[in-house]
Amino acid sequence: MPSFFPPLFKTLLGASERQLVDRLQFLKAENEILRSRLPKRVVVTPGERARLVRLGRPLGSAIKDLITIVTPRTFLRWINGREGKSTRLPVKKVGRPRTAESIEQLVVRIATETGMGYTKIRGELNKLGIHLARNTIKNVLLRHGVTPDPLRGEGRWDQFVKAHAKTLWACDFFSIKAWTTRGLVEFYLLLFIHVGSRRIFVTPGTKHPSGGWVEQQARNFCMHVDDDGPTAAYLIHDRDGKFTGSFDEIMEAEGIRLIRLPGRSPDLNAIAERAIRSVKQECLAHFAILGQRHLNYLVAEYVSFYNECRPHSAVGHLPPCRDGPPPPRIAGRILCEERLGGLLKHYYREAA
């Protein structure tokens, strides 16, 4: 476009009146042919609209015979600055007004925090002086993506986990391969994690996770809980065949209620699965493990670091064994403690 108009203007300026009429008719016919190849409606930018207004305003009523990109009436609105403004009277909305946003947020809050159904939520609102129909509460929850009553409530797994986090442990087996005099051998370990504090306890590895070995690890876990571990009232584990009946009996004899998860449901034991992933990715994956003794040393060092030094997002970005944030201190040098050859680093402030 910019390269086309300067020669066009030069040609028009040097032409007679008759020649101007002929050339304008030719340009108009050419424009009609080009417009027939374009969509029915051509959208112009604000800059293009301003350019057309600037060039078309001096033409007055003659613009009716020239303009084709929009109707003359639309072009007149452009000139008068009323584009997009309707001359019709506003239509008054009918029907019940929408529930206030603050009340909708309160409905969603009650539903998500309590798991109540529509009728019980209505009762809670009545106590607060807010009167909503049951169907209105239903529509509000559906608009905010809150599932209907049968899919919420006390039976949800995540609610059970949160309610019993202080006395709930989870466990799971995992394996790792190590080099021995007989080549690459697979060792099995059993990890326990306290859901509330995220403290972990990992058993020594074994090549043969027999029933007797599993029973002994159950006793070791119970002694760990009695000595310095958080209280254990519930223990989650999957249906792995290595969990024998004797394992369950030992736990129940100590007052620990076993919760066996359904088959093929790793998400229900996600906390233990994530802890196992941390052990592997942050520690074991960085070493060529040379035998059972080396494996047990690496795991013991990492477990100590995990519980005492490693910040965990689930407990306020503090180590699992720390009961609360340290007192504010601005004095003292900041030192770094390294473990496993510098793989694990812990920063602390030097005591005064």
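The values are calculated or read from the model by the stated rules, or taken from the named source; none is laboratory data. These numbers come from a predicted model, not from an experiment. Neighbour counts run over all protein chains shown; Cβ positions are idealised from the backbone, glycine included.
Tabulated data for the structure shown
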read-out	value
Failed item in (1) over 30 Å from THR180 (Cα atoms); (2) in contact with a Cys (Cβ under 7 Å, 6 or more places away or on another chain); (3) not assigned by TED's automatic domain parsing to the domain that holds SER175, with GLU254 passing the rest	(3)
From the options SER313, SER246, residue that is exposed (fewer than 15 other Cβ atoms within 10 Å of the Cβ), assigned by TED's automatic domain parsing to the domain that holds HIS194 and of a type in the set (Ser, Thr, Tyr)	SER246
Pick from the stretch 235-250, criterion without any contact (Cβ under 8 Å) to a residue 60 or more places away in the chain and under 10 Å from CYS171 (Cβ atoms), ranking: farthest from the chain's Cα centre (by Cα)	PHE247
Residue within the stretch 212-228 that is surrounded by fewer than 16 Cβ atoms within 10 Å (Cβ to Cβ) and part of a loop (DSSP other than H, G, I, E, B) present	no
Lone qualifier among GLU308, GLU282, GLU338 - being of a type in the set (Asp, Glu) and touching a residue at least 40 places away in the same chain (Cβ under 8 Å)	GLU282
The lone exception for LEU268 - which of (1) among the aliphatic types (A, V, I, L, M); (2) in contact with an Asp or Glu (Cβ under 9 Å, 6 or more places away or on another chain); (3) within 24 Å of GLY205 (Cβ to Cβ) it fails	(3)
Filter result (hydroxyl-bearing (Ser, Thr, Tyr) and assigned to a strand (DSSP E or B)) within the stretch 167-189	SER175, THR180, TYR188
Filter result for ILE276 (within 16 Å of VAL195 (Cα to Cα), modelled with pLDDT of 95 or more and out of contact with any Gly (no Cβ under 7 Å at 6 or more places or on another chain))	yes
Complete set of residues in the stretch 230-242 that are in contact with a helix residue (DSSP H, G or I) (Cβ under 7 Å, 6 or more places away or on another chain) and over 18 Å from THR167 (Cβ atoms)	ASP238, LYS242
One residue from PRO209, PRO262 being surrounded by fewer than 13 Cβ atoms within 10 Å (Cβ to Cβ), assigned to a loop (DSSP other than H, G, I, E, B) and not charged (D, E, K, R)	PRO262
